[in-house]
Amino acid sequence: QEQLVESGGGLVQPGGSLRLSCNASGFTLGDHAIAWFRQAPGNEREGVSCIASDGRFTGYAESVKGRFTISRANAENTIFLQMDSLKPEDTAIYYCALRARSALCSEYVPFYDYWGQGTQVSVSS
């Protein structure tokens, strides 16, 4: 029924770019806040970016501001994360996540009800 599927990860050199996609099946995407999280080996999952249900508010972790851009295409039930000027510190598994009962962004993992399987992003020279 309801499912999130990420794609677009890969291996890039420092300074390179990737664009991640998350397809949200079974949702009316305009009703939900959706976020990107990431988890590096040995670290806890952290919020990267979030977009509110109306698409007007977007939030970013300080570590990615100015380099990452989140967007959504409601008609396609898809959200994107454009990642530019990638650094080795960005290496992680990236997950998209959806709040079932809220249109508001949050950085807190427990507030999200649906998660994708993750896509690996590796930044290395």
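The values are calculated or read from the model by the stated rules, or taken from the named source; none is laboratory data. Every value quoted in this text rests on a predicted model; they were computed, and no experiment measured them. Every residue, glycine as well, gets a Cβ built from its backbone with ideal geometry; the counts of neighbours run over all protein chains shown. These area figures cover heavy atoms from the full protein model, side chains too; ligands, DNA and RNA do not enter into them. Shrake-Rupley method; radii C 1.70, N 1.55, O 1.52, S 1.80 Å.
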**Message:** Tell me which trypsin sites (Lys or Arg not before Pro) from the range 43-119 have a DSSP coil assignment and no more than 11 other beta carbons within 10 Å of their own.
**Reply:** Arg56, Lys65, Arg101
**Item:** Inter-label distance, nm, simple model (7 Å from Cα along the C-beta direction), Asn74/Val109
**Value:** 3.1
**Item:** For the range 70-105 versus the range 45-67, the gap between their alpha-carbon centres in whole angstrom
**Value:** 8
**Prompt:** What does the charge dipole of the chain about its Cα centre add up to, to the nearest 20 debye, if the Cβ of each Lys and Arg holds +1 and the Cβ of each Asp and Glu holds -1?
**Reply:** 160
**Item:** Computed FRET value (nearest 0.05) for Glu62 with Ala40, which takes r as the C-beta separation and R₀ as 25 Å
**Value:** 0.95
**Message:** Could you put Val121, Val5 in order of accessible surface area, largest first, with the 1.4 Å probe and the full protein assembly present?
**Reply:** Val5, Val121
**Asked** Among Leu98, Gly66, Trp115, which residue has its Cα positioned farthest towards the positive end of the charge dipole of the range 53-125, with +1 placed on the Cβ of Lys and Arg, -1 on the Cβ of Asp and Glu, and the dipole taken about the Cα centre?
**Response** Leu98
**Message:** Counting heavy atoms of the protein chains only and a 1.4 Å probe, report the per residue accessible area for the range 1-69 as a whole number of Å².
**Reply:** 52
**Complete:** Between Glu89 and Ser124, the two model label points (7 Å from Cα along the beta-carbon direction) sit apart by a distance in nm of 2.0
